[in-house]
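The block underneath contains the structure these notes are about, expressed in structure tokens.
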Amino acid sequence: FGSSCGIGPKNLFSGPQGQGGAMPAYPDEIQYSLKYEDDVYEYRHVLLPKSNAKAMLMITKGRRLLEEAEWRGLGVQQSLGWKHYEIHRPEPHVLLFRKELNWSQQQVEG
């Protein structure tokens with residue numbers, strides 16, 4: 001997952017997706033995980049509905065990360081500073097985001 005936290009999507013979303021190794025069902029609407037952090041970043045995962053996931057794959061072909069305008073265009077809503085930082089190949093409809101812990105403070109001082 002790229003983070004040193006050791007927490008993955010199946011740990012952050014309630015429901016059966018983490019049980020039995022089955023692929024999770026696509027949600028009916030965009031779902032946001034709880035936020036968690038390590039010493040450098042705050043993290044969260046976003047689960048896309050099937051239609052949004054298909055639109056994302058049309059944009060990226062599954063080969064690159066989304067730019068902010070692109071993930072916002074898919075309907076993902078979150079505060080400034082979040083970056084799509086990794087593709088979770090087993091579940092491409094799970095977007096992995098992170099933001100520097102002191103991002104807001106850097107903007108004020110900037």
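A simple spin-label model places pseudo-atoms 7 Å from Cα toward Cβ; at residue 30 and residue 69 they are separated by 1.7 nm.
Taking the average, over residues, of other Cβ atoms within 10 Å as the packing measure, peptides 80-86, 28-34 rank 80-86, 28-34 from highest down.
At 1.4 Å probe size, with the rest of the protein present, what percent of the exposed accessible area of the stretch 44-110 is carbon and sulfur atoms? Solvent-exposed carbon and sulfur of the stretch 44-110 make up 52 percent of the total. Note on the stretch 28-71: the C-alpha convex hull projects to 3.9 nm² when averaged across all orientations.
The values are calculated or read from the model by the stated rules, or taken from the named source; none is laboratory data. Every value quoted in this text rests on a predicted model; they were computed, and no experiment measured them. A quick note on method: Cβ atoms are made from the backbone with ideal geometry, for glycine too, and the neighbour counts reach across all protein chains shown. Just so you know, the surface numbers come from the protein's heavy atoms only, side chains and all, with ligands and any DNA or RNA stripped out. Shrake-Rupley method; radii C 1.70, N 1.55, O 1.52, S 1.80 Å.
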